[in-house]
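> There's a structure below that I have some questions on.
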Amino acid sequence: MKVMISTSGSQLLPQNAVKAVREHLLPYTTVLTPNIPEAVLLLRDSGVDVKEPENLHDAIALAKQVHKLGPRHILLKGGHLPLNAQREKPTSDADAAIVIDILYDGQTVSLVEATFSRSKNTHGTGCSLASAIAANLAGEIEITRAVREACRYVEAGINTSTDLGKGNGPINHFHSLYSLPYAP
């Protein structure tokens with residue numbers, strides 16, 4: 001899947017291409033991995049009146065709506081909607097506690113929960129996640145496990161990243177190559 005909206009909120013896919021993606025790619029997609037702004041964009045482009053999610057229940061409803069556009073599975077990434085302990089949108093940044101990714105196959109909702117990280121090193125997380133899922137599926141790992149392991153891979157990459165430069169840095173793709181006690 002092409003990245004449509006970046007982590008920083010920039011729309012990278014021209015508006016006239018969104019319809020082509022929705023109509024010609026989604027029906028053939030095994031796992032669609034949109035962030036929340038991408039999911040909203042796809043639905044609005046299809047004529048669905050959709051609101052930004054405010055809590056876990058809203059995010060699950062959003063995932064179910066996007067699933068109706070044709071992919072076999074949808075993994076709605078929760079990084080754009082960190083939640084508080086009550087699984088609601090926090091009233092302050094300090095209350096953000098968890099991030100929940102939602103996997104939906106048309107029948108079953110599976111949640112992948114992680115502690116919210118305040119790291120700014122999230123550049124490329126969506127591409128890294130999609131690639132990790134694809135690699136796991138190529139290794140014949142069952143879909144739910146493939147997604148959970150890919151989410152954990154990206155989570156560890158964020159949590160072990162090193163600040164580089166002044167903007168959003170990359171995740172640490174090499175975290176699993178470290179040997180204790182010599183890990184950074």
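The values are calculated or read from the model by the stated rules, or taken from the named source; none is laboratory data. In this text the structure is predicted, and so the values were computed from the model without any measurement. Here the Cβ is made from the backbone with ideal geometry for all residues, glycine too, and neighbour counts use every protein chain on show.
> Every residue in segment 109-125 that is in contact with a Gly (Cβ under 8 Å, 6 or more places away or on another chain) and either among the aromatic types (Phe, Trp, Tyr) or under 13 Å from Thr162 (Cα atoms) (or both), please.
Matches in segment 109-125: Lys120, Asn121, Thr122, His123.
> Here's another thing I want to ask about it. Identify, by number, the condition in (1) in contact with a Ser or Thr (Cβ under 9 Å, 6 or more places away or on another chain); (2) at pLDDT 95 or above; (3) closer than 28 Å to Pro170 by Cβ that Thr108 doesn't meet.
(3)
> Yes or no: Asp105 of a type in the set (Asp, Glu) and in contact (Cβ under 8 Å) with a residue 40 or more places away in the chain?
Considered against the rule, which asks whether it is of a type in the set (Asp, Glu) and in contact (Cβ under 8 Å) with a residue 40 or more places away in the chain, Asp105 comes out as no.
> Could you grab me the full set of residues in segment 102-151 that are touching a strand residue (DSSP E or B) at 6+ places or on another chain (Cβ under 8 Å) and more than 24 Å from Pro37 (Cβ to Cβ)?
Within segment 102-151, Leu137, Ile143, Thr144 meet the criteria.
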